[in-house]
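Participant: Have a look at this one.
None of the figures in this text is laboratory data; all of them are computed from the coordinates on show. Given the structure is predicted, the values throughout are model-derived calculations rather than measurements. Glycine gets a Cβ as well: all are built from the backbone with ideal geometry, and neighbour counts include every protein chain shown.
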Amino acid sequence: MKTKLLYHENSFTYECTGTIVAVEGDEVALDATVFYPGGGGQMADRGILSWDNQRVQANVIAMNKRNDVVWHTLDCTPPTLGTAIVGTIDWDFRYQMMRTHTALHILCGIIWHEFGVQVTGGQMYPDRARMDFAMENLDKERIATIEQKINEAIEADYPIRVYTLPREKAFAIPDLVRTKINLLPPTIEEVRIVEIVGLDLQADGGTHVNHTKEVGGIKITKTENKGRINKRLEIMLTNRQ
Ligand SMILES: [Zn+2]
């Protein structure tokens, strides 16, 4: 069993039709879904599944991905196998995640180009995001430079391309090797690439905007010393589109 991942085909799709192909407790799996199950620091989507000509509605209150199947946890008794459903994600929340996720990739690209350091971790929240870097020195001047460069990159409106590459091809790209591509399980033959053209290239399963200008703008709200060579930056989006 394998769920068709509509969020990978087009991150701007907010609604889909599908069929219930599995039920486990209060979780259901569909043949195809627009719901992002979470992962790579991006939060899972929220939203609604409806059926019986949209007469019955359930809230999707949690998401899980186990192997190749995406599971939607419902807040009521799930419909039976074979039921046709309409799935609708909370678009405001998702779009905020997309803008935030792209902002973090811009941050990665800037930090790499300016200082040549790698990301060690990151997490998105509904209203902010944080990222950790293998960096020794993060003074006020550097923070100001990073914030300014990110906002310049947003304003420059770089296009974002999403595509897949065969594993060997992806592993031959030096820009990808600096990220955590080496951690990809050996069973994965195709690598999904998110490229901010001219700025950043990553193996990534998340959802992104199409152009950096959609991010709006960012502010660095907090920095933290997480060790001698580990620094944490927290960002917030500033303008809504
Ligand atoms: Zn990412």
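Participant: Could you state the per residue volume, in Å³, of the convex hull enclosing the Cα atoms of the chain?
Facilitator: That works out to 127 Å³ per residue.
Participant: Please work out the FRET efficiency for the pair Asp175 and Ile143, using the Cβ-Cβ distance as r and a Förster radius of 22 Å; give the result to the nearest 0.05.
Facilitator: 0.35
Participant: What does DSSP give for the chain in terms of the percent of beta bridges that are antiparallel, rounded to the nearest 5?
Facilitator: 95
Participant: For the chain, give the magnitude of the charge dipole about the Cα centre (Cβ charges: +1 Lys/Arg, -1 Asp/Glu; no others), in debye to the nearest 20.
Facilitator: So the magnitude is around 480 debye.
Participant: Further question on the same structure: By the gyration tensor of its Cα atoms, with a ≥ b ≥ c the square roots of the eigenvalues, what is the shape of the stretch 154-241: rounded for a/c under 1.5, prolate for a/b over b/c, or oblate?
Facilitator: It comes out oblate by the Cα gyration axes.
Participant: Would you mind telling me which residue in Leu201, Leu49, Leu183 has the biggest mean-square fluctuation in a Gaussian network model of the chain, where springs connect alpha carbons within a distance under 10 angstrom?
Facilitator: The residue that fluctuates most here is Leu183.
Participant: Quick one: putting +1 on the C-beta of Lys and Arg, -1 on the C-beta of Asp and Glu, what dipole do you get for the stretch 94-237 around its Cα centre, in Debye to the nearest 20?
Facilitator: Around 380 debye, computed over the stretch 94-237.
Participant: Now, a different point. Picking from Val23, Asn10, Ile160, whose Cα lies most toward the positive end of the charge dipole for the chain (charges on Cβ: Lys, Arg +1; Asp, Glu -1)?
Facilitator: The one lying farthest along the dipole's positive direction is Ile160.
Participant: Also, quick follow-up: Where in the stretch 2-17 does the amide nitrogen come within less than 13 Å of the point 7 Å from the Cα of Ala32, taken along Cα to Cβ?
Facilitator: Counting backbone N atoms under 13 Å from the label point, the list is 3-10, 13-17.
Participant: Counting only helical runs of four or more DSSP H residues, what would the 222 nm mean residue ellipticity of the chain come to if each run contributes -39,500 (n - 2.57) and the total is spread over all its residues?
Facilitator: About -6500 deg cm²/dmol.
Participant: Just to verify a number: FRET efficiency for Leu165 and Asn10, C-beta to C-beta distance, R0 = 22 Å, to 0.05?
Facilitator: After rounding, the FRET efficiency stands at 0.70.
Participant: Another question, if that's okay. Which angle from 0 to 90°, rounded to the nearest 10, does the C-alpha axis of helix 91-115 make with the longest principal axis of the chain?
Facilitator: That works out to roughly 30 degrees.
Participant: Can you find, among Leu237, Gly227, Trp112, the residue sitting farthest towards the positive end of the charge dipole of the chain, where Lys and Arg contribute +1 and Asp and Glu -1 at Cβ?
Facilitator: Farthest along the dipole direction, towards plus: Gly227.
Participant: Let me ask something additional. Expressed in nm to one decimal, what extension gain is obtained for the pair Asn67 and Leu184 from 0.36 nm per residue of sequence separation less their Cα-Cα distance?
Facilitator: 40.7 nm
Participant: Follow-up. Could you tell me which of rounded, prolate or oblate describes the stretch 86-137, using a ≥ b ≥ c as the square roots of the eigenvalues of the alpha-carbon gyration tensor, with rounded for a/c under 1.5 and, failing that, prolate when a/b is larger than b/c and oblate otherwise?
Facilitator: Note, shape of the stretch 86-137 comes out prolate.
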